[in-house]
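The values are calculated or read from the model by the stated rules, or taken from the named source; none is laboratory data. Predicted, not measured: the structure shown is a model, and the values here were computed from it. Backbone-built Cβ (ideal geometry, glycine too); neighbour counts: all protein chains shown. What goes into the accessible areas is simple: the full protein's heavy atoms, side chains included, and nothing from ligands, DNA or RNA. Shrake-Rupley method; radii C 1.70, N 1.55, O 1.52, S 1.80 Å.
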Amino acid sequence: MVFQSLGIIDSILKAIQEEGYTSPTPIQTQAIPIVLQGNDLLGCAQTGTGKTAAFAIPILQLLSVNKQYNKKKTIRSLIVTPTRELAIQIGESFKAYGRHTGLTCTVIFGGVNQNPQTAALRIGVDILIATPGRLLDLMNQGHLTLNNVEIFVLDEADRMLDMGFIHDVKRMLAALPKKKQSLFFSATMPPEIVKLSGTILQNPSKVSVTPVSSTVDIIKQFIYFVDKGNKNDLLIDILKNTAIKTALVFTRTKHGADKVVKVLLKHAIKAEAIHGNKSQNARQRALTNFKDQTTRILVATDIAARGIDVDELEYVINYEMSNIAETYVHRIGRTGRAGAKGTAYSFCDAEEKEYLRDIEKLISKKIPVFENHPFPLMDHNPVKAIKQAGGGGNSWGHSRPKSAGNNNQKKKFGNSKYAR
Ligand code: AMP
């Protein structure tokens with residue numbers, strides 16, 4: 001399958017070629033013709049599948065066909081997405097794919113001074129990408145109107161609900177014209193999401209790609225059983241491997257992220273944290289430094305990491321296991337994107353074993369255990385140890401290296417370990 005066979009116009013084909021895309025991803029193959037026909041769409045897909053281009057390309061095409069009608073530059077397409085990072089990335093995609101169309105777009109999000117955003121809106125744009133809070137805010141201040149929106153996209157609807165944006169979304173929906181084309185994307189489809197989609201879409205065509213469990217198949221995954229108190233040492237030891245040019249490290253809390261950064265800096269490993277307590281500018285700077293490899297390690301919490309899209313990111317390290325199994329899939333999905341190589345290491349202490357069990361159930365496979373590392377799990381969790389009295393090993397039947405007494409005893413990693 002090639003992009004030409006989807007009926008895409010030359011100006012966009014040229015840009016796609018410049019991006020280096022050779023063939024459409026499954027969601028693009030399915031969604032682009034539906035959107036070009038003017039139909040509503042219900043898409044079940046997560047980031048990493050090429051979902052952004054699946055809506056950006058046909059929107060640009062539909063708008064560029066009638067470009068002459070928008071001399072006054074009113075907002076003709078609105079894309080609403082839950083996080084600033086996603087909004088920025090979607091904006092970059094529209095700019096890239098639309099660079100030969102003459103259409104304009106801008107991105108608005110909270111946490112930064114609104115003046116540059118309102119200045120861009122005053123000049124006028126064809127496409128607006130926004131997070132819900134700032135959108136409503138600027139709308140209420142009279143800086144924008146949604147009266148002329150022809151194509152509306154609600155992106156990452158499930159995340160929107162998780163982050164408590166449902167009321168903002170409903171208020172925004174009320175400000176949109178009745179007659180419009182609507183596209184609705186969500187990684188999961190719980191009943192509340194299906195209900196919400198029913199209030200937005202009319203006779204939607206449905207597309208669904210890569211259910212959560214199959215996206216992880218191309219990513220090499222390993223579990224390191226390790227005591228909580230040894231996670232820093234294990235991380236430092238792993239990062240001695242110079243083949244790891246950059247890695248995204250996940251912690252559960254903002255405080256935890258800051259602590260890991262401190263430890264890494266102490267060991268002369270350039271690291272920065274990205275989480276909700278950082279200003280938008282600091283987050284953007286950290287992301288840019290990471291992308292150009294000035295910073296080797298980016299330590300992130302889950303919400304901040306959603307939407308981090310770094311080409312050629314090969315390593316994700318879960319410093320802490322997530323207590324929500326789906327989050328594991330989203331985390332490791334930051335690597336191995338668009339068919340690239342990916343490796344995910346997860347540190348699992350005694351208390352986190354139950355999270356691991358949930359994850360393995362969700363992805364329907366056992367994650368291989370990295371044996372013989374210098375910091376094997378020694379703490380068998382006293383409470384559980386009593387319950388499981390006599391039960392050695394772990395509950396997945398992997399043989400763990402028998403710890404030979406001293407926890408701090410450091411065996412050197414053989415390079416071959418990393419060659420996998
Ligand atoms: P998304 O799911 O929209 O977050 O996209 C994931 C990544 O895939 C982004 O880095 C895109 O640049 C890339 N991508 C999207 N479509 C294609 C394609 N047809 N071929 C290669 N890479 C793509």
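So, of the residues in the stretch 101-128 that are part of a loop (DSSP other than H, G, I, E, B) and in contact with a helix residue (DSSP H, G or I) (Cβ under 6 Å, 6 or more places away or on another chain), which turns out to be nearest to Ile16 (Cα to Cα)? Break it down stepwise before answering.
Of the stretch 101-128, the ones part of a loop (DSSP other than H, G, I, E, B) are 101-104, 109-114, 124-126.
Those still in the list that are in contact with a helix residue (DSSP H, G or I) (Cβ under 6 Å, 6 or more places away or on another chain) too: 101, 103, 109-112, 126.
Working: Thr101: 12, Leu103: 16, Phe109: 27, Gly110: 30, Gly111: 32, Val112: 31, Asp126: 20 Å.
Checking each candidate, the answer is Thr101.
Could you list, in sequence order, all residues of the stretch 71-83 that are crowded, with 24+ Cβ neighbours inside 10 Å and either within 15 Å of the ligand (Cβ to nearest atom) or not assigned by TED's automatic domain parsing to the domain that holds Leu13 (or both)?
Those that are crowded, with 24+ Cβ neighbours inside 10 Å and either within 15 Å of the ligand (Cβ to nearest atom) or not assigned by TED's automatic domain parsing to the domain that holds Leu13 (or both): Ile79, Thr81, Pro82.
Condition (residue is within 11 Å of the ligand (Cβ to nearest atom) and either surrounded by fewer than 21 Cβ atoms within 10 Å (Cβ to Cβ) or farther than 26 Å from Asp168 by Cβ (or both)) applied to the stretch 61-70: is it met by at least one residue? Full working, then the answer.
At the first step, the residues of the stretch 61-70 found to be within 11 Å of the ligand (Cβ to nearest atom) are none.
Looking for residues that are within 11 Å of the ligand (Cβ to nearest atom) and either surrounded by fewer than 21 Cβ atoms within 10 Å (Cβ to Cβ) or farther than 26 Å from Asp168 by Cβ (or both), one finds none in the stretch 61-70, hence no.
Test Asn281 against the stated conditions and say whether it is part of a helix (DSSP H, G or I), surrounded by fewer than 19 Cβ atoms within 10 Å (Cβ to Cβ) and modelled with pLDDT under 95. Don't jump to the end; show me each part of the working.
Numbers: part of a helix (DSSP H, G or I): yes; surrounded by fewer than 19 Cβ atoms within 10 Å (Cβ to Cβ): yes; modelled with pLDDT under 95: yes.
So Asn281 fits the description; yes.
Could you list all residues from the stretch 129-146 that are closer than 14 Å to Val112 by Cα, open to solvent by 30 Å² or more (accessible area, probe 1.4 Å) and not in a helix (DSSP H, G or I)?
none
Among Ile32, Ile90, which is within 14 Å of the ligand (Cβ to nearest atom) and touching a Pro at 6+ places or on another chain (Cβ under 6 Å)?
Only one candidate passes the filter, namely Ile32.
Please work out which residue is farthest from Ile12 (Cα to Cα), limiting yourself to the stretch 35-51 and to residues that are of a type in the set (S, T, N, Q) and near the ligand (Cβ under 10 Å from one of its atoms). Break it down stepwise before answering.
So the first thing to find is which residues in the stretch 35-51 are of a type in the set (S, T, N, Q), and the list is 37, 39, 46-47, 49.
Pick out the ones that are also near the ligand (Cβ under 10 Å from one of its atoms) and you get 46-47, 49.
Details: Gln46: 23, Thr47: 22, Thr49: 20 Å.
Filtering first and then ranking leaves Gln46.
Check off (1) within 13 Å of the ligand (Cβ to nearest atom); (2) open to solvent by less than 50 Å² (accessible area, probe 1.4 Å); (3) more than 24 Å from the chain's Cα centre (by Cα); (4) not small (Gly, Ala, Ser) for Leu103 and give me the number that stays unchecked.
Result: Leu103 fails condition (1) only.
Is it the case, given these coordinates, that Leu86 is touching a Phe, Trp or Tyr at 6+ places or on another chain (Cβ under 6 Å), closer than 26 Å to Val310 by Cα and open to solvent by less than 20 Å² (accessible area, probe 1.4 Å)?
no
What is the number of the single condition among (1) in contact (Cβ under 8 Å) with a residue 40 or more places away in the chain; (2) surrounded by 20 or more Cβ atoms within 10 Å (Cβ to Cβ) that Thr188 does not meet?
Result: Thr188 fails condition (2) only.
For the stretch 313-342: of the residues being away from the ligand (no atom under 16 Å from the Cβ) and more than 16 Å from the chain's Cα centre (by Cα), which is modelled with the lowest pLDDT?
The selected residue is Asn323.
Could you please find all residues in the stretch 3-25 being within 10 Å of the ligand (Cβ to nearest atom) and either closer than 17 Å to Asp311 by Cβ or surrounded by fewer than 17 Cβ atoms within 10 Å (Cβ to Cβ) (or both)?
First, pick out the residues of the stretch 3-25 that are within 10 Å of the ligand (Cβ to nearest atom): 3, 16, 19-25.
Across the stretch 3-25, the qualifying residues are Ile16, Glu19, Gly20, Tyr21, Thr22, Ser23, Thr25.
Given the criterion in contact (Cβ under 8 Å) with a residue 60 or more places away in the chain and part of a helix (DSSP H, G or I), identify the matching residue among Arg159, Arg171.
Arg159
Could you grab the pairs with beta carbons closer than 7 Å, sequence gap of 6+ or different chains, first residue in the stretch 250-273 and without any contact (Cβ under 8 Å) to a residue 12 or more places away in the chain, second one surrounded by 13 or more Cβ atoms within 10 Å (Cβ to Cβ)?
Leu265/Ala271
Return the pair list, or none, for Cβ contacts closer than 7 Å from residues in the stretch 78-91 that are under 19 Å from Leu176 (Cα atoms) to residues that are among the hydroxyl-bearing types (Ser, Thr, Tyr) and modelled with pLDDT of 95 or more, at least 6 apart or on different chains.
Qualifying pairs under 7 Å: Thr81/Thr131; Pro82/Thr131.
Identify, please: which residue in the stretch 45-95 is polar (S, T, N, Q) and farther than 14 Å from Glu156 by Cα and is, among those, farthest from the chain's Cα centre (by Cα)?
Checked the stretch 45-95; the qualifying residue farthest from the chain's Cα centre (by Cα) is Gln68.
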